Amino acid sequence: MTTLEIAIAFLTLAGLEIVLGIDNIVFIAIITNNLPDAIQSKARKIGLLLAMGTRIALLFAITWVMRLTAPLFTIMELTLSGRDLILLAGGLFLIAKSTFEIHDKIEHRPHEEHAARKALTFRSAVTQIALLDIIFSLDSVITAVGMVGQIGIMVSAVVAAVLVMMVFADTVSRFVHRHPTIQMLALSFLILIGVFLVAEGLGKHIDRGYIYFAMFFSLLVEFLNMRMRKTQAS
């Protein structure tokens with residue numbers, strides 16, 4: 001590859017990794033906002049470093065990752081692979097986790113929310129992030145291998161993408177925490193992503209573009225609502 005081709009491949013893949021990491025940032029923001037304030041930023045950075053480590057490890061184990069797409073067994077004409085089972089488990093976990101979080105936000109009073117934040121430990125938050133990182137990393141790694149054949153470019157793009165996400169993770173988390181309606185919207189996004197993962201695990205392909213468009217459109221409407229509320233208040 002020429003220098004120009006390498007640069008184009010790197011920038012394209014890094015940009016794609018950032019887009020594919022949006023759902024990861026949303027999940028990390030929701031989880032870490034339930035931690036005591038003093039350790040939230042540390043948990044977010046460790047979570048993103050774990051995401052980077054997971055992606056790089058899977059890139060170097062790409063032969064094993066690609067074997068996950070091989071059929072394992074068939075149930076009523078539905079053929080499932082290792083990747084399908086991982087996506088199903090991750091999707092169901094996201095749906096359940098987000099549903100419980102929404103219930104807590106609706107039902108809990110301020111003192112109960114404070115108690116819940118104290119109850120969530122640093123270790124349990126990082127463990128949840130690490131488990132979901134594996135789910136979020138699978139499609140990212142398979143996409144990287146499909147786009148670029150050189151491991152050096154893939155690893156460099158992953159590192160660059162995670163560094164960019166680390167820069168904005170605290171800002172995104174603070175914004176989500178300050179605006180309750182954004183919190184609810186973010187949890188709804190996670191349910192949407194969970195449904196997407198379950199559908200993918202069951203062999204029903206949904207173009208990610210539809211998912212990202214729905215998320216972007218919902219955010220746009222919410223920003224307009226925030227602007228309207230601010231205008232009315234003044």
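The values are calculated or read from the model by the stated rules, or taken from the named source; none is laboratory data. Please read these numbers as outputs of a predicted model, since none were measured by experiment. We work out accessible area using only protein heavy atoms, side chains counted, and drop any ligands, DNA or RNA first. Shrake-Rupley method; radii C 1.70, N 1.55, O 1.52, S 1.80 Å.
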Query raised in the report: Can you flag which of Lys42/Lys230; Lys42/Lys204; Lys45/Lys105 are past 29 Å Cα-Cα?
Result: Lys42/Lys230; Lys42/Lys204
**Report entry** Label selected from (i) 7, 30, 31, 22, 8, 1; (ii) 7, 26, 29, 21, 12, 5, 1, 0; (iii) 7, 29, 35, 21, 7, 1, 0, the criterion being P(r) over Cα pairs in 10 Å bins from 0, in percent as computed here
**Finding:** (iii)
Report summary line: Expressed as a percent, the accessible surface of the chain that is carbon or sulfur, using a 1.4 Å probe and the full set of protein chains, is 70
Requested in this report: Would you grab the residues whose amide H sits under 5 Å from the one on Ser81? Only those 5+ places off in sequence or on another chain, please, with H modelled 1.01 Å from N.
Outcome: Leu72
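222 nm [θ] for the chain, helices only, -39500 (n - 2.57) per DSSP H run of 4+, per residue, to 500?
Working: 10 runs with 197 residues, N = 234.
When only DSSP H runs of four or more count, the value is -29000 deg cm²/dmol.
Can you tell me the relative contact order of the chain? Whole percent, Cα pairs under 8 Å, sequence separation 6 or more.
On the way: 227 pairs, mean separation 88.3, N = 234.
Reported relative contact order: 38 percent.
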Requested in this report: Determine ³J(HN,Hα), in whole Hz, for all residues of the stretch 46-52 in sequence, where each value follows from phi through the Karplus function 6.51 cos²θ - 1.76 cosθ + 1.60 and θ = phi - 60°; x replaces Gly and Pro.
Outcome: 5, x, 6, 5, 5, 4, 5
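With a 1.4 Å probe and every protein chain left in place, work out the accessible area per residue of the chain in Å², rounded to a whole number.
Numbers: 12660 Å² over 234 residues.
Counting only protein heavy atoms, the per-residue value for the chain is 54 Å².
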Query raised in the report: In sequence order, what are the phi-derived ³J(HN,Hα) couplings for the stretch 81-93 according to the Karplus relation 6.51 cos²θ - 1.76 cosθ + 1.60 with θ = phi - 60°, rounded to whole Hz, with x for glycine and proline?
Result: 10, x, 4, 4, 5, 5, 5, 4, 4, x, x, 5, 4
**Report entry** HN-Hα J in Hz across the stretch 31-41 - Karplus 6.51, -1.76, 1.60, θ = phi - 60°, x for Gly and Pro
**Finding:** 5, 6, 5, 8, 8, x, 4, 5, 10, 4, 4
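So how much slack lies between Thr74 and Leu16, counting 0.36 nm per residue of separation and subtracting their Cα-Cα distance, in nm? Walk me through the intermediate numbers first.
Values: separation 58, 0.36 × 58 = 20.88 nm, distance 3.29 nm.
This chain segment gains 17.6 nm when fully extended.
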